[in-house]
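*Asks:* Following this message is one structure expressed as structure tokens.
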Amino acid sequence: MFRLGRSHRIAAACAAAAAALFAGTSPAGAGERSPLFRLADATHGAAIHAWPGGPLIENLPGRSPLGSPTWLWVIGRPRHDGWGRVVLPVRPNGTTGWIKLRRYHVVRSRTWVIGNLTTRQVVVMRGRHQVARFPAAIGAPGTPTPTGSFSVTDRVDTGNPSGPFGWYAFGLSGHQPNLPAGWGGGDQLAIHGTNAPSSIGEAASAGCLRVSPDALSKLRSLVRLGTPVVIARRGGQAWQTAMRTSVSKPRPQPAGAEPEAAVLPAWVATPDDPVPTPSPDVQSAVTDIATAA
């Protein structure tokens with residue numbers, strides 16, 4: 001656990017389809033959806049309601065307990081009246097609330113992170129494409145890493161590269177309900193470094209995801225505050241969660257037309273497929289909005 005003191009038309013269409021085939025993707029418009037998320041800047045604090053227009057249940061401060069500016073992941077598409085449901089950094093895991101979005105600066109991002117517990121990897125995604133992946137230690141049998149939909153609440157330079165959290169840490173909105181006896185390191189979930197590099201790839205932590213110093217450097221350039229982090233047993237399960245919580249929606253179809261079949265990424269053969277394979281456009285995929293401080 002973690003605590004510190006994003007004709008010609010026919011010929012053209014055929015050419016586009018062939019190009020897509022050789023690129024390993026499907027033709028544009030064939031039901032291909034890609035996760036897209038909204039993140040709300042709550043650095044001036046956030047009034048959280050139990051339901052749209054409902055009672056106030058939480059006043060989140062503009063900074064986290066570790067001092068990071070508050071950003072919230074807005075789940076799915078907002079309501080027609082402007083209310084959005086957000087992931088909250090409180091116990092129990094999975095708690096959400098509602099905010100009036102017009103009161104906040106809201107940005108869109110295609111970057112999200114998979115914590116894959118089967119392959120023991122942290123995978124950075126840009127929409128439906130993999131950007132990077134790293135081996136990770138996951139929770140030990142007695143302190144398993146909780147699954148769920150979380151967001152990045154903290155980006156922390158620990159100031160202690162040789163310490164148990166390594167030189168950098170990404171605090172998450174989730175918490176570990178199964179701490180080991182006598183544990184005094186807090187219950188906040190995190191992706192962080194380690195002073196036990198041999199534990200990477202093993203089920204060895206108190207619940208957090210431990211990665212190497214090089215992985216932390218890459219993650220630091222890719223992952224901003226508010227970024228969705230889906231921790232799941234398999235990659236396909238994480239994909240399903242990302243699509244359920246995405247802003248994106250299917251293309252409108254003419255009346256009476258058959259619904260489009262969803263085109264899944266190549267790495268999602270089944271919901272149990274474990275992890276994405278490298279995308280051919282990994283480098284061009286790294287174009288997310290600037291990383292927040």
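*Asks:* Within the bounds of region 115-127, is there any residue that is under 24 Å from residue 240 (Cβ atoms), of a type in the set (Lys, Arg) and surrounded by fewer than 22 Cβ atoms within 10 Å (Cβ to Cβ)?
*Replies:* Yes, because at least one residue in region 115-127 is under 24 Å from residue 240 (Cβ atoms), of a type in the set (Lys, Arg) and surrounded by fewer than 22 Cβ atoms within 10 Å (Cβ to Cβ).
*Asks:* So residue 240 ticks every box in (1) part of a loop (DSSP other than H, G, I, E, B); (2) modelled with pLDDT under 95; (3) in contact with a strand residue (DSSP E or B) (Cβ under 9 Å, 6 or more places away or on another chain) but one. Which box is left unticked?
*Replies:* (1)
Let's see how each residue does on (1) more than 21 Å from the chain's Cα centre (by Cα); (2) surrounded by 17 or more Cβ atoms within 10 Å (Cβ to Cβ):
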| position | (1), (2) |
| --- | --- |
| 177 | no, no |
| 198 | yes, no |
| 208 | no, yes |
| 211 | no, yes |
| 217 | no, no |
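*Asks:* Name the residue, out of 79, 91, that is in a loop (DSSP other than H, G, I, E, B), more than 17 Å from residue 231 (Cα to Cα) and of a type in the set (Lys, Arg).
*Replies:* 79
*Asks:* Hey, any hits in region 207-219 for a residue that's touching an Asp or Glu at 6+ places or on another chain (Cβ under 8 Å), aliphatic (A, V, I, L, M) and closer than 15 Å to residue 154 by Cα?
*Replies:* The answer is no; no qualifying residue exists.
*Asks:* Starting from residues that are in a loop (DSSP other than H, G, I, E, B) and modelled with pLDDT of 95 or more, keep the ones in region 128-142 and report whichever is surrounded by the most Cβ atoms within 10 Å (Cβ to Cβ).
*Replies:* Once the filter is applied, the top-ranked residue is 136.
*Asks:* Here's another thing I want to ask about it. Among the residues in region 70-79, are any modelled with pLDDT of 95 or more, among the aromatic types (Phe, Trp, Tyr) and outside the structural domain of residue 42 (by TED's automatic domain parsing)?
*Replies:* no
*Asks:* If I filter region 180-192 for residues that are crowded, with 16+ Cβ neighbours inside 10 Å, within 16 Å of residue 138 (Cβ to Cβ), at pLDDT below 95 and out of contact with any strand residue (DSSP E or B) (no Cβ under 9 Å at 6 or more places or on another chain), do I get at least one hit?
*Replies:* The answer is no; no qualifying residue exists.
*Asks:* Only residues that are within 22 Å of residue 158 (Cβ to Cβ) and either at pLDDT below 95 or outside any loop (DSSP other than H, G, I, E, B) (or both): list them for region 52-69, please.
*Replies:* Correct list: 63, 69.
The values are calculated or read from the model by the stated rules, or taken from the named source; none is laboratory data. Quantities reported herein were computed from a predicted structural model and do not represent experimental measurements. FYI the Cβ positions are ideal-geometry reconstructions off the backbone, even for glycines, and counts take in every protein chain you see.
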